[in-house]
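Notes for the one structure printed next.
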Amino acid sequence: MAYHFCGSDFGPLVFGREILRRTPKTILTFEVQQGDSKSLDQKKCTESCFWSLGFHSIVKNHSRFGRIGLFFDRKNTRANQFCEQIQTISFEYKPLDKRAEKNVCITSFEAQVLHEMANEGLSDTVEFRRLARKYIRRAKHAHVDSIFFLEVIFGEEKTRNILQHIAGSQIKLFFPSDFLGSEFFESAVSERKLEIVTGDGVGFTRMRAEKILRTKLEKSSIQMDQ
C-alpha cells in the first residue's frame, strides 16, 4: 500500500524515516514545504492527523503525573487551535503515581524561531540548543512529566536526541511520528519507491530529505510543485 504525507515544512519526511526504518520496501509520496498549513489537503496524512491520537495515548499510557506540555511554533495557527480545543475534552485518565494530578493538567508552550531552525537542518548548533533550553526550561518550571511536540520536524532523529538531552531523564518527549499505526508498516511491495513534491528548491530538498530519511535519493524522485 502507498502512503501520502503532506506538510508545510520538511516534517512529512520524518514520518517516512520512521516507516523506512521498520519497513525498508514501501511506496511513499511526500509533499513538503507546501506553504500555509491551513490550506493543506485534509485527505492526505498531515502531522495534525496524529495530534488527538497522540495526546490521548500520552494521557492514557505514558504520563506519570498527568502534567502534559504541548509545544508548538507561535505561527502555527492550527496547533494553537488544537491546544485550545483539547482543554475542553475529557480523557481516559488514571493516575499512575500517588503524587499524580487528579485531573489532567495541560500547559501550552509557544516557541519562536526554533521550528524554522529545525526545519532548515540547524538543530545541531549552539544557537538551537540555547533557544531549546530557554523554552524547555518553561516546561520544567511547570513541572510537566511529558512534552508533546506538535510539529513533527522536531522528531528528526538528531533533533529529538538533542531535545531529550536538554529536557533530561525526568521528562518524556513525544512527536506525531511516534503514533503511526501498524497499518503504516504493512507492505506487500518488492522494492522501495519514494517520490517528493517540493515547494522549495530541488537541491536543498534533496539534501534535507537524504539527511532526514537517511537514504540516497535519485534526482528524478524529487519534483518541483507546479
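The values are calculated or read from the model by the stated rules, or taken from the named source; none is laboratory data. What you are looking at is a predicted structure, and each value in this text was computed from that prediction instead of being measured. FYI the Cβ positions are ideal-geometry reconstructions off the backbone, even for glycines, and counts take in every protein chain you see. Keep in mind that these areas ignore ligands, DNA and RNA; they rest on the heavy atoms of the full protein, side chains included. Shrake-Rupley method; radii C 1.70, N 1.55, O 1.52, S 1.80 Å.
Think of a 1.4 Å ball rolled over the protein heavy atoms: region 70-153 then has 56 Å² of accessible area per residue. The long axis of helix 157-167 is offset from the longest Cα principal axis of the chain by roughly 20 degrees. Free of any GluC sites (Glu not before Pro) that DSSP assigns to a loop and that have at most 16 other C-beta atoms within 10 Å, the longest stretch within the chain is 1-91. Based on the reciprocal of the average 1/r between different C-alpha atoms, the Kirkwood radius for region 130-226 equals 16.0 Å.
In summary, the lysines within cross-link reach of K211, defined as a Cα separation below 22 angstrom excluding same-chain residues under 8 places away, comprise K25, K158, K193, K219.
For the pair Y93 and R192, the difference between a 0.36 nm per residue extended length and the Cα-Cα distance amounts to 31.6 nm.
For the chain, the mean residue ellipticity at 222 nm estimated from helices alone is -9500 deg cm²/dmol, where every DSSP H run of n ≥ 4 contributes -39500 (n - 2.57) and the total is divided by all residues, rounded to the nearest 500. Against the longest principal axis of the chain, how steep is helix 126-141, in degrees 0 to 90 to the nearest 10, with axes from Cα atoms? The helix 126-141 is inclined about 30 degrees to the chain. Shape verdict for region 170-226, please, from the Cα gyration tensor: rounded (a/c under 1.5), prolate (a/b greater than b/c) or oblate. The shape class here is oblate. Using a probe radius of 1.4 angstrom, the carbon and sulfur fraction of the accessible surface of region 89-198 is 47%. Specify whether the C-alpha gyration tensor of region 1-97 places it in the rounded, prolate or oblate class, a ≥ b ≥ c being the square roots of the eigenvalues: rounded for a/c under 1.5, otherwise prolate if a/b is larger than b/c and oblate if not. Verdict is oblate for region 1-97.
How high is the relative contact order of the chain? Use alpha-carbon pairs under 8 Å, at least six apart in sequence, and give a whole percent. Once divided by the residue count of the chain, the mean separation gives 29 percent.
Full extension of the chain between V126 and V202 gives 24.6 nm of extra length, using 0.36 nm per residue less the Cα-Cα distance.
Within the same chain, lysines fewer than 8 places from K98 are excluded, and of the rest, those with a Cα less than 19 Å from its Cα are K60, K172.
The charge dipole of the chain, taken about the Cα centre with unit charges on the Cβ atoms of Lys, Arg (+1) and Asp, Glu (-1), comes to about 900 debye, rounded to the nearest 20. Computed over region 136-226, relative contact order equals 25 percent, with contacts defined as Cα pairs under 8 Å that lie 6+ residues apart.
Just checking the listed ones, K98, K216, K75: in the Gaussian network model of the chain with Cα springs under 10 Å, the one fluctuating most is K98. For the chain, the alpha-carbon coordinates run over 55, 39, 31 Å along the three principal axes, in decreasing order. The angle separating the long axis of helix 12-22 from the principal Cα axis of greatest extent in the chain is about 90 degrees.
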